[in-house]
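Q: What follows is a structure written as structure tokens; I'll ask about it next.
Derivation of every value follows stated rules applied to the coordinates shown; laboratory data play no part. Bear in mind that the values here come from a model prediction, so they are computed numbers and not experimental data. For neighbour counting, all protein chains shown are included, and Cβ atoms are generated from backbone atoms with ideal geometry for every residue, glycine included.
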Amino acid sequence: MDPIGERLLWFVMGFLSGGLTIGGIVARHRREHPPAPPVAPPEPASGPPPTRPLDPLPEFDHPHVPGPARLIDVGAARAAGFNLKHAEDLTILEGIGPKIEELLRAHGIEGFASLARLDEQDLLEILEHGGPSFRFANPETWAQQAALAADNRWKDLKRLQEEMIERGKTP
């Protein structure tokens with residue numbers, strides 16, 4: 001027999017023996033675990049089901065809870081001169097570097113919209129929790145800058161940052 005025919009024969013034999021083995025396992029499993037008997041549907045109750053009014057959810061407005069999702073126009077941001085690493089890159093704001101961004105995210109601030117909802121006192125408390133290396137950061141304009149970014153007002157944000165730099169008021 002030629003080598004190709006011999007290989008083909010061994011392949012077919014292996015395939016058949018594997019199929020028989022799997023078939024035997026399936027048959028044994030079916031014998032050991034017969035299908036469950038069908039369950040009759042429950043009798044319908046007479047009349048409509050009882051209803052109860054839904055309890056209203058309590059009002060809760062926490063500054064770290066994200067609000068409605070907003071789409072960040074990364075293309076417009078880049079056109080205005082910002083080099084975003086991702087859509088919610090807080091480091092594009094004047095005064096926020098990678099370490100401060102990491103600290104903010106650790107405190108539940110996930111993007112521009114959640115940062116924009118905080119006031120300066122909230123931000124100072126977060127910086128205080130970060131330790132002495134964050135003591136010199138000035139969060140005075142972070143919420144304002146974040147609000148402009150969240151609203152995709154990139155040219156206005158660029159203008160504000162340039163004015164801050166000119167006045168020497170970089171946080």
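Q: Check G108: other-chain or 5+ apart residues with amide H under 5 Å from its amide H, H built from backbone geometry?
A: Here nothing satisfies the definition.
Q: What is region 74-167's relative contact order, in percent, from Cα pairs under 8 angstrom and six or more apart in sequence? Mind dumping the intermediate values first?
A: Working: 84 pairs, mean separation 28.2, N = 94.
Computed value for region 74-167: 30 percent relative contact order.
Q: Count the net charge of all other residues whose Cβ sits under 15 Å from the Cβ of F134, scoring Lys and Arg as +1 and Asp and Glu as -1.
A: Values: positive: K99, R105, R135; negative: E101, E102, E120, D122, E125, E128, E140.
Taking every other residue near F134 into account, the sum is -4.
Q: Then there's this: Any idea how far apart I25 and F136 come out in nm if each label point goes 7 Å out from Cα toward Cβ?
A: It is 6.7 nm.
Q: Here's something else I'd like to know. Arrange T21, T141 by Cβ neighbour counts within 10 Å, fewest through most, would you? Walk me through the intermediate numbers first.
A: Details: T21 10, T141 18.
Going from least to most buried by this count: T21, T141.
Q: Rank-order 109-120, 22-33 by packing density, defined as the average count of other C-beta atoms within 10 Å over each peptide's residues, highest first. Please report the intermediate quantities before stating the final value.
A: Details: 109-120: 19.9, 22-33: 9.3.
Highest to lowest by the protection proxy: 109-120, 22-33.
Q: Oh, and also: Applying a 10 Å radius around every beta-carbon, put 80-86, 99-105 in order of their mean neighbour count, most first. Mind showing how you got there, number by number?
A: Details: 80-86: 13.0, 99-105: 17.7.
Top of the packing list down: 99-105, 80-86.
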